[in-house]
Amino acid sequence: MPHALLALAALPAEAHDVMALGQELRLPIALILGLPLLGFLLNGALALWKPDAKGAVSLIGPGVLIAAFGIAVAQYLKLSHLWHDQPELSPVATLWNWLPVGTLQVPFAFQLDQLSMVMLLVVTGVGSLIHLFSVGYMKADPGYARYFAYLNLFVMFMLVLVLGASFPMMFIGWEGVGLCSYLLIGFWFTEKANADAGKKAFIVNRIGDFGFLVAMFLIWQTFGSLDYANVFGKAADASTHLAGGATITAITLFLFLGCTGKSAQIPLYTWLPDAMAGPTPVSALIHAATMVTAGVYLVARANVLFALAPTTQAVVAGVGALTALFAATIGLRQYDIKKVLAYSTVSQLGYMFLGVGTGAITAGVFHLATHAFFKALLFLGSGSVIHAMHHAYHASHSHDDPQDMRNMGGLAKYMPITATLMGIATLAIAGIPPFAGFFSKDEILAFAFGRGEHTPIFRVYWAMGATAALLTAFYMARLMAMTFFGENRTGDEARHHLHEAPWIMTGPLVVLGVLSIAGGWLNLPEFAASLGTPELLHHWLHPILAAGDRVAETLGTAPALPEGGAEHMLIGLAIALAVLGLAAGFFTTLKARTVPAHDAPPEHGFWKVLYHKYYVDELYDAVIVRPLEALSRVVLWKQVDQGLIDGAGVNGAAWASRTLGWLGSRLQSGLVGGYVVLFLVGALYILGMVVWR
């Protein structure tokens, strides 16, 4: 019997099942990844050779992703039964051996477990709705085929990121979504501001990616592997030696540096608001369900490593709480409807990191899922508003900004469906029960408060998060009031052209509205058991998080919810803050007379500081960008490139060649007698040397 068969026969029965299941999953996973890739290739070909074939593009672009979502649902139905009996089952589908370099063996493999299944369903499900919305939103754009090619490629790389079975596989998807974000954010690249926004996103993310690379080097040095199963297994086994040490702290801090870039946390958050330069559906895809959640997914996936580093956990939670509060204050004074939602995204990502940094991984992933529902709804709803405003202004030959909320007002009369659905999303993000955001946000804050019993700094983080929740409700109510209520400010001629978006755009909003209401049922707390089975997501993710939970219990850092009166107090306070913020934001906005943007007075005082986003971009420009440009221009270009390389290198080599050529030409006199004399002198010299020796 061959050695491979002997080794297989020696494995326990459970291993047979895992390996066989991994083989069975090769085709479904290949299809889930291959369908968006096929869409990219076909739409890319159409963009090059037949860009006006919009019917084919409309079929291919959303079609491949809907098919991928259908396959993902089928695999969920199949594997959920197996996980009921074998919750530790974590099949890996290996397509080929990618990096066989000595002891470094990195297969091109994908892992489908409970955590990656959640991400798979969110990415393909919400992504399908965004693709459908794009059909109506982008139909008049001349780059229609190119747009869907980029969108399909983006989703493919995001799926590689969440399904990869090792850190290098995740890094392929990590870099891929960074590339695609550059292409999509700068989609309308003929305008300099859009091209600059794409470059900014790409460059800022490279800073974070440096941290990810260093972390992988340290992981390989420490554990001798980069596969999830090997690394996390060895980390759990060596927990007594690694816990709290410099090595594990360095690994997790460098991983978190990667997260701050991809998930827009302080100080690398500045690319995300500028990313609003891309088409609105791109904003919904990047900022709701995919790329920006990659950092949260990384911390959840590496939960064992982070559980071993309490110092890093405090840093992650602290940066998350600070980002949530900081971005929420900026959102108070923005007028571009997409910019408000952009800073809202930065703030909500801060909540997710507060959750996973506290050790409440399930709560962080729960908020990731609910945020995908209501934030996608808000972005797509704003897209419907912008679509209507753009057409109204185009028909009336107005040059006002269709994204400035000061030019809107009273749109509920003309767009009642969009207004209602965005109202649902607003209640969800504000944390009003029983909408989805209430359950996920309340759980994060409750865990932060509970961990503060043993680590007081987490009580400070809880207070920061609670304040951010109040501000979130305020600026979202302000957005709704300025956009849909009060006096209409679009102009007499333009308002006659306002209308609801077509159903290819409104339909996805309805689905997301339902998910924004019912999404909280994914992980209902015990006090809401009357609505359904409590803690579904917690039990679902338990096999993935069990090792990290055991490490946290050993170290005494396991998060716990407050009990009894404290829990009821926190729930009541959360609801009160949400109601107070909504009421204050709505009524103060309507009470103040909003004028169109072209008549609006300049901002003054602290409002001006918030309007200019604390001048952080200007600070980065003064401290980093302009000095680097000066260094590049004066030193690297003028002195190194032109002076040293061109002068001493290229020009110097040319001068030396020319000089040697001239000297050689002096020897070529054309006189045969002279050549004979030189030959004779050379021969005598050689003869003399031989005799002398």
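Against the chain, whose longest principal axis comes from its Cα atoms, helix 54-85 is set at around 70 degrees. Each peptide among 467-477, 70-80, 678-688 gets the average number of other Cβ atoms lying within 10 Å of its residues, and from highest to lowest they stand as 467-477, 70-80, 678-688.
Expressed as a whole percent, the accessible surface of region 159-267 that belongs to carbon and sulfur atoms is 69, based on a 1.4 Å probe. Over all directions, the projected convex hull of the C-alpha atoms in region 407-533 averages 9.7 nm² in area.
Applying the Kirkwood pairwise sum to the alpha-carbon positions of the chain produces a hydrodynamic radius of 27.5 angstrom.
With N set to the number of residues, divide the alpha-carbon radius of gyration of region 64-120 by 2.2 N^0.38 Å and report two decimals.
1.38
Can you tell me what percent of all Cα-Cα pairs in region 389-459 are more than 14 Å apart? For region 389-459, the fraction of Cα-Cα distances above 14 Å is 73 percent.
For the chain, what does the accessible surface come to per residue with a 1.4 Å probe? Please give it in Å².
Computed with neighbouring chains in place, this is 42 Å² per residue.
What is the calculated FRET efficiency for Asp52 to Ala654, with r their C-beta to C-beta distance and R₀ = 51 Å, to the nearest 0.05? Given R0 = 51 Å and the Cβ-Cβ separation, E is 0.50. At q = 0.10, 0.11, 0.12, 0.18 Å⁻¹ the log10 of I(q)/I(0) for region 29-174 amounts to -0.39, -0.46, -0.54, -0.99, computed by Debye summation with a single uniform scatterer per C-alpha, solvent ignored.
With all pairs of different C-alpha atoms in the average, the Kirkwood value for the hydrodynamic radius of region 105-237 is 16.6 Å. Only helices enter the 222 nm calculation for the chain: every DSSP H run of n ≥ 4 contributes -39,500 (n - 2.57), and dividing by all residues gives -23000 deg cm²/dmol, rounded to 500. Against the main long axis of the alpha-carbon atoms of the chain, helix 114-137 sits at an angle near 90°.
In region 277-330, the C-alpha radius of gyration followed by the widest Cα-Cα span (Dmax) gives 14.1, 41 angstrom.
What does the C-alpha gyration tensor say about the overall shape of region 539-622? Classify as rounded when a/c is under 1.5, otherwise prolate if a/b is larger than b/c, or oblate. Oblate shape, in that a/c is at least 1.5 and b/c is the bigger or equal ratio. Angle between the Cα long axis of helix 144-163 and the longest principal axis of the chain, 0 to 90 degrees, nearest 10? Here the helix axis deviates by roughly 90 degrees. Note on region 489-594: the alpha carbon radius of gyration divided by the globular reference 2.2 N^0.38 Å gives 1.70. Of the solvent-accessible surface of region 555-693, computed with a 1.4 Å probe and all protein chains present, 71% belongs to carbon and sulfur. Looking at the P(r) of region 285-393, how many percent of alpha-carbon pairs lie beyond 20 Å? When every Cα pair of region 285-393 is considered, 43 percent fall beyond 20 Å.
The values are calculated or read from the model by the stated rules, or taken from the named source; none is laboratory data. Remember, it's a predicted structure, so these values are computed and weren't measured experimentally. Every residue, glycine as well, gets a Cβ built from its backbone with ideal geometry; the counts of neighbours run over all protein chains shown. Please note that ligands, DNA and RNA were not included when accessible areas were found on the heavy atoms of the full protein model with its side chains. Shrake-Rupley method; radii C 1.70, N 1.55, O 1.52, S 1.80 Å.
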